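Worksheet for the structure shown next.
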Amino acid sequence: MRVLRFGNAAEPFDLPAGGAGGEVVHGALLDVRARLDLAEELKLAARKLRREFRDKARLRAQERDDEYDRRLDKLSDGAMRREWESGREREARARLAVLELTRAARTAEAARARVEEMFDSLTDMFFGLLNIREELIARLRELQFETAMER
């Protein structure tokens, strides 16, 4: 997306100068439209990926919560025999028992947050291209107006 928005050495993204003629502006407009089409495809793929990572993070958190509840319930079964043990201590033991699931849930959440951040960046660059397109359209309208005034 970065190459589509800003270009690079292999694929430059040159915008027409302020005094460029209609043909040059129109050519740039067509180039931006093609870039926007590719950007839309990238956004669709990124949206699908974002949804997958959200689902994985939610699933990992649910797995952890379910296992925690099972462990806590199991630890509470023998509460009469362990009257010296408080509820907080049982909760701590249950949390320790699901530590690996907690780590997996945290990793999934971190990955989801990273994908969200990348999707936001893609969206920003997409709207940057869209704004350039609007500016080129406005410039073409100005050129048409100037040509009409000359007649």
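The values are calculated or read from the model by the stated rules, or taken from the named source; none is laboratory data. These figures come from a predicted structure and were not determined experimentally. FYI the Cβ positions are ideal-geometry reconstructions off the backbone, even for glycines, and counts take in every protein chain you see. To get the accessible areas, we keep the full protein, side chains included, count just its heavy atoms, and leave off ligands, DNA and RNA. Shrake-Rupley method; radii C 1.70, N 1.55, O 1.52, S 1.80 Å.
ASP55 meets all of the listed conditions (1) modelled with pLDDT under 85; (2) open to solvent by 50 Å² or more (accessible area, probe 1.4 Å) but one, namely (1).
Contact map, the stretch 7-27: first residue free of Cβ contacts under 8 Å to residues at least 40 places away in the same chain, second residue surrounded by fewer than 10 Cβ atoms within 10 Å (Cβ to Cβ), Cβ cut-off under 8 Å, separation 6 or more or different chains; pairs are GLY7/ASP14.
Going residue by residue through the stretch 22-29, is there one that turns out to be open to solvent by 70 Å² or more (accessible area, probe 1.4 Å) and β-branched (Val, Ile, Thr)? Even if it seems obvious, please write down each step before you answer.
Residues of the stretch 22-29 open to solvent by 70 Å² or more (accessible area, probe 1.4 Å): 23-24, 26.
Narrowing the set further to residues that are β-branched (Val, Ile, Thr) leaves 24.
The answer is yes; a qualifying residue exists.
Determine whether the stretch 58-74 contains at least one residue that is within 15 Å of PHE126 (Cβ to Cβ) and either of a type outside the set (Val, Ile, Thr) or open to solvent by 50 Å² or more (accessible area, probe 1.4 Å) (or both). Looking for residues that are within 15 Å of PHE126 (Cβ to Cβ) and either of a type outside the set (Val, Ile, Thr) or open to solvent by 50 Å² or more (accessible area, probe 1.4 Å) (or both), one finds none in the stretch 58-74, hence no.
Among the residues of the stretch 113-146, those that are open to solvent by 60 Å² or more (accessible area, probe 1.4 Å), more than 24 Å from ARG5 (Cβ to Cβ) and either in contact with a helix residue (DSSP H, G or I) (Cβ under 8 Å, 6 or more places away or on another chain) or of a type in the set (A, V, I, L, M, F, W, C) (or both) comprise GLN144, PHE145.
Test of understanding: among ARG103, ARG114, ARG133, which residue is modelled with pLDDT of 90 or more, under 20 Å from ASP31 (Cβ atoms) and of a type in the set (Lys, Arg)? Spell out the reasoning first.
Values: ARG103 fails: under 20 Å from ASP31 (Cβ atoms); ARG114 fails: under 20 Å from ASP31 (Cβ atoms).
Checking each option against the conditions leaves just ARG133.
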